[in-house]
1. On the basis of being closer than 26 Å to residue 134 by Cα and either surrounded by 13 or more Cβ atoms within 10 Å (Cβ to Cβ) or touching a strand residue (DSSP E or B) at 6+ places or on another chain (Cβ under 8 Å) (or both), does residue 182 make the cut?
2. Name the single residue that is modelled with the highest pLDDT among those in segment 78-121 being assigned to a loop (DSSP other than H, G, I, E, B) and within 16 Å of the chain's Cα centre (by Cα).
3. Tally the residues that are under 18 Å from residue 65 (Cβ atoms) and in a loop (DSSP other than H, G, I, E, B), restricting the search to segment 122-139.
4. Report, by residue number, each residue of segment 74-93 that is surrounded by fewer than 20 Cβ atoms within 10 Å (Cβ to Cβ) and closer than 25 Å to residue 184 by Cβ.
5. Among the residues of segment 142-157, is any surrounded by fewer than 18 Cβ atoms within 10 Å (Cβ to Cβ), at pLDDT below 95 and not in a helix (DSSP H, G or I)?
6. Return the residues of segment 167-216 that are under 30 Å from residue 230 (Cβ atoms) and in contact (Cβ under 8 Å) with a residue 60 or more places away in the chain; say none if nothing qualifies.
C-alpha cells in the first residue's frame, strides 16, 4: 500500500477535516459551511462544497453578456445579438454538465470559461477588436487558450480516474498542448469559414492567423509548465478532489480505488 503523501500547498484548499465533520455534512474548510451532496459514484458519495462569494462574479459577467445580446438586437445588429446569445447559452454549459454528472466544477474554472466568452463578445459588440487592435485579440486568444489548457489537464486526470486509461506525466502534458492547439486551429478555421460565407473580416491575413496560433501555443505551454510542477509535487488524487471529494469515505484516497486489493495500488 502506498504511503500517504505529505500535505502539499494545495491541501490548504482541499483539507478534508475530521470524519465527524464529514458525517455531519459540514465543510471543514469553512466552519458552518454546508456541503451539497451529489449522487454516489462507485459507492462513494460526492460532496461539492457550496460556492464561495466569488461565484457572483460569474453571474455578473453572464448578465453583461446577456445585456450585450439585448443591446445588439435593439440597434439592429442581429448577427452580433445572435452570437452574444449563443455565448450566453455556452456560459450555462458548465452548470448543466456538472448537474448531470457526478463532478464538481470549481467556480474559478467556471469564471475563466465565462470570462473567455465575455472577452470575445465585447470584442465584437464593443468593437474592442478594432479600438485596441491588435492587443485585445491577442489577450482574448491567450485567456481562451489558457482556459482550454486547464480544462484539458483535468480531463486527462479524470479520464484516468473514471476509465482504464493510465497516462504518464509527459502524456498528460502532450495532451494539454495538443488539445489546446487543436481548439485554436478549429477556431481559425471557423473564422476563415465565416469570412468566406458571410463576408466578415475576422482574419487579417496569414500573419495575424499565425500569431494567434503562437499565442495559443504560449498559453498551452504556460499551463503545461505549471501542470508539470504540480504533477511532480502533488498526488493526482488531490486534483481529483477539486472536482469530486469522496467525503463519505475518509480511508479511501482514490475514488473507486480499492486499496485493499492489488488492483487498487499503482
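1. Working: closer than 26 Å to residue 134 by Cα: yes; either surrounded by 13 or more Cβ atoms within 10 Å (Cβ to Cβ) or touching a strand residue (DSSP E or B) at 6+ places or on another chain (Cβ under 8 Å) (or both): yes.
Judged against the criteria, residue 182 is a match.
2. First, the residues of segment 78-121 that are assigned to a loop (DSSP other than H, G, I, E, B): 100-106.
From the residues that got through so far, the ones that are within 16 Å of the chain's Cα centre (by Cα) too are 101-106.
Numbers: 101: 73, 102: 70, 103: 76, 104: 76, 105: 77, 106: 82.
That would be 106.
3. Going residue by residue through segment 122-139, those that are under 18 Å from residue 65 (Cβ atoms) are 122-129, 136, 139.
Checking the rest, the ones that are also in a loop (DSSP other than H, G, I, E, B) come to 126-127.
Result for segment 122-139: 2.
4. Going residue by residue through segment 74-93, those that are surrounded by fewer than 20 Cβ atoms within 10 Å (Cβ to Cβ) are 74-83, 85-86, 89-90, 92-93.
Within segment 74-93, 79, 80, 82, 83, 85, 86, 89, 90, 92, 93 meet the criteria.
5. Within segment 142-157 (the criterion being surrounded by fewer than 18 Cβ atoms within 10 Å (Cβ to Cβ), at pLDDT below 95 and not in a helix (DSSP H, G or I)), the answer is no, since none of the residues qualifies.
6. Narrowing segment 167-216 to residues under 30 Å from residue 230 (Cβ atoms): 167-188, 211-216.
Correct list: 169, 211, 212, 215, 216.
The values are calculated or read from the model by the stated rules, or taken from the named source; none is laboratory data. This one's a predicted model, so the numbers in the text were calculated from it and none came from an experiment. Methodologically, a virtual Cβ is constructed for each residue, glycine included, from the backbone with ideal geometry; neighbour enumeration extends over all protein chains shown.
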